1. Residue under question is L477, and the condition is that it be modelled with pLDDT of 80 or more, open to solvent by less than 70 Å² (accessible area, probe 1.4 Å) and either more than 22 Å from A378 (Cβ to Cβ) or in a helix (DSSP H, G or I) (or both); does it hold?
2. Anything in the stretch 446-464 that is surrounded by 14 or more Cβ atoms within 10 Å (Cβ to Cβ) and on the phi > 0 side of the Ramachandran plot? List them, or say none.
3. Just the residues that are of a type in the set (A, V, I, L, M) and either part of a loop (DSSP other than H, G, I, E, B) or at pLDDT below 85 (or both), please, taken from the stretch 82-107.
4. (1) open to solvent by less than 20 Å² (accessible area, probe 1.4 Å); (2) within 49 Å of the chain's Cα centre (by Cα); (3) modelled with pLDDT of 85 or more; (4) not aromatic (F, W, Y): which one isn't true of T689, the others all being true?
5. Filter the stretch 344-362 for residues that are modelled with pLDDT of 80 or more and among the hydrophobic types (A, V, I, L, M, F, W, C); which is surrounded by the fewest Cβ atoms within 10 Å (Cβ to Cβ)?
6. Quick check on the stretch 5-15: of everything there that is surrounded by 19 or more Cβ atoms within 10 Å (Cβ to Cβ) and either β-branched (V, I, T) or more than 16 Å from E203 (Cα to Cα) (or both), which residue is nearest to the chain's Cα centre (by Cα)?
7. Taking the conditions exactly as written (in contact with an Asp or Glu (Cβ under 7 Å, 6 or more places away or on another chain), among the β-branched types (V, I, T) and open to solvent by 10 Å² or more (accessible area, probe 1.4 Å)), does T415 satisfy them or not?
8. With the structure loaded, tell me whether A408 is part of a helix (DSSP H, G or I), among the small types (G, A, S), modelled with pLDDT of 80 or more and within 28 Å of L482 (Cβ to Cβ) or whether it fails that test.
Amino acid sequence: MSAVQIIPDVAAAVAVLAGVASLWGRWRSPGRWIFTGGMLLLGVESWLNARSVTALSPAAAVSWQQWRLLVLGLLPSTWILFSLCYSRGNHAEFLQRWGWAVGLGWAVPLTLALVFFDVLVREVPEPAFADLLVGLGEVGRVIVLLALVAWVGVLLLLERTFRTAVGTIRWRIKLAMVGFWVLFGARLYADSQAYLYRAVGREMVQVEAVALLLACGLIGWSVKRAGTFEVEVYPSHAVLYRSLSLVLAGLYLFGVGVLAKLIGWWGEAAAFPLVAAVWLVALVGLGLLGLSDRVRLRLRRLVSRHFRRPLHDYRRLWSEFSSRTAACVNEGEYCRAVARLVSETFEALSVSVWVVNESRVGLSAGTSTIWPAEQVPARLGEASGGRALVEALGSASGPVDLEALTGAAREELATLQPDQFGKGGGRLAVPLRAQGELLGVLTVGDRVSGMPFDGQDLDLLRCMADQTAAGLLNQRLTRRLLESKQLEAFQVMSAFFIHDLKNAASTLKLILENFRVHLDNPEFRGDAVGAIGRTAERIQDMIERLTTLRQGMGLKVAPADLNEVVRRVLETLGGDFPPVELALGELPPAPLDTEQMRQVIANFLHNAREATDGRGRIAVRTARHDGGIELEVRDEGCGIEPAFLHEKLFRPFQTTKGQGLGIGMFQAKVIVEAHRGRIEVDSAPGRGTTVRVWLPVEEVR
């Protein structure tokens, strides 16, 4: 048995050991259990491939490959499930949303493999058996095609997780991500070759085995370097964009395809597995260089030094700052966007944003690239709420070096901004100040390669801190404005009910005053009892409306006679109310909320009574008008000043009455417009006021 034939067996053993070892420590993590299951399946598949490679006849190879395709039917959904869970703090949301697809991904290929087990693969002729293990049947090709789609999905999901991570969190999972990209990139290539050529080649088995060994090595290296298998990031459900996975997969396929052609021309096909492995290792090295924060930083400094350009592209930075923070609707989102941008700009792996709390005696949990989001409040608690740090930075105007702080402030900042690597180029605390007020603290540390902050860095950091503080101030002012609007809305609705209760109380007061004079009159007592009952019904109806306040003003419309509504209102006013001249025309039924309209008419009449001081003429008229019906209430009272009439009459809490709430006309306008009607007021000082309400006769929808 040659060394090349041993590679799949070695890869199988390493995969099984890696899967079992991943459970060490946090064995309750679902991501680790899924990883273990996936690695065990890969180990079994590699062992079956090894048996196929060492098979002495095409028939024996067919038997092993049938079982290998059965295992392949389980692999894609297992790794899709892993990519939904790996390093995702909110993996439960993704599993709940995509669990059905994962289940379908297991059921379909496994069912196909079991039902068509005997025709998954076919023997190849003896001359071709030296290069090919088996040919693929149509069902076998379908299973391979489903696997191809799954590998692309795994790469896209893992890339999304990596893009969401930032700073130290990204550094911790970088090598593991490269390992996964190597593993599934190689499988993408091997399975695409099998699908296109309808056969499984011996060299593809070696490529998959080498990729599995490299992936296990990189994942193990990542765990050793970072001290953890996974971290927690919180990617959104947004559609993937600007993905490099498909581009890299295409470049990889193209490069290996060209390599295969060159080897074919040179006649060295036997050396293809070794050359492909070298090519794969070279791509891994290139990927590591591309992901290296240190290499990118040195490249930027090289360009800055030799091409005489600033270290930072300020126009791009400010454009990026504006675009990233413009859509943030709360302090949490804003802080996360700022922390990510600062980390990327200064190549700093550890960036945190802390917000001064409302009591201004300490800090509130913001965001950090050092720990997962749920650990940030605990870190703040370990630092005693950041009180000493707030006091120490109260008068600072720019970035402050950690070494310059003393006492409790230094201890708090050391907790909030630990030195992860020991040579991170210094740790800075930058006060976030706007209009002379300290709003928060930005902490930066662990720069790549331990590069110190120079003059350009400090100036840019100060500018970004000022811009961040301005954004935090806007967020805070916006929140206070929203709270004020909510309070105002509550006050308006409360005033509606208070005003209605005030009208009901006025009616009861008039009845009580008349009781002293007409108590012995049986007819009066009957009318008074009826008026009291109707007023109680109105109060009960208002209470019911208050319980359904969250649903807004819902009209209880039904066909009704507006003239009858007017008469009912006059009956509730009591005998002490001044005489009202009625000119009620013949009206068609109209869709009305009678209780709401009674409140509107009662409000008009009470206003007329107060304007005439109980001695002037009050008239009510109804008529058909402009395809609808019109109500007019006219008095000969004191009238309304033009400025108040045009600017304040229909605004809440605006009144000319000493005891008024300034809500009646505003409420009337809201009710009339809810009926799709309109309200007009004609008035002038000394000549009285006329209020006209027009209502449609068709049904309100």
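The values are calculated or read from the model by the stated rules, or taken from the named source; none is laboratory data. These figures come from a predicted structure and were not determined experimentally. Cβ atoms come from the backbone with ideal geometry, glycine included; neighbour counts cover every protein chain shown. Accessible surface areas use protein heavy atoms only, side chains included; no ligands, DNA or RNA. Shrake-Rupley method; radii C 1.70, N 1.55, O 1.52, S 1.80 Å.
1. Values: modelled with pLDDT of 80 or more: yes; open to solvent by less than 70 Å² (accessible area, probe 1.4 Å): no; either more than 22 Å from A378 (Cβ to Cβ) or in a helix (DSSP H, G or I) (or both): yes.
The answer is no for L477.
2. Hits for the stretch 446-464 are D446, S449.
3. The first filter runs over the stretch 82-107 and keeps only residues of a type in the set (A, V, I, L, M), leaving 84, 92, 95, 101-102, 104, 107.
Residues satisfying the conditions are L84, A92, L95, A101, V102, L104.
4. Only one criterion is unmet by T689, namely (2).
5. Let us first name the residues in the stretch 344-362 that are modelled with pLDDT of 80 or more, namely 344-356.
Within this subset, residues satisfying the condition of being among the hydrophobic types (A, V, I, L, M, F, W, C) are 346, 348-349, 351, 353-356.
On the way: F346: 24, A348: 28, L349: 24, V351: 27, V353: 28, W354: 29, V355: 22, V356: 24.
Selected residue: V355.
6. Residue satisfying both the conditions and the ranking: A15.
7. Values: in contact with an Asp or Glu (Cβ under 7 Å, 6 or more places away or on another chain): yes; among the β-branched types (V, I, T): yes; open to solvent by 10 Å² or more (accessible area, probe 1.4 Å): yes.
Judged against the criteria, T415 is a match.
8. Values: part of a helix (DSSP H, G or I): yes; among the small types (G, A, S): yes; modelled with pLDDT of 80 or more: yes; within 28 Å of L482 (Cβ to Cβ): no.
In short, no.
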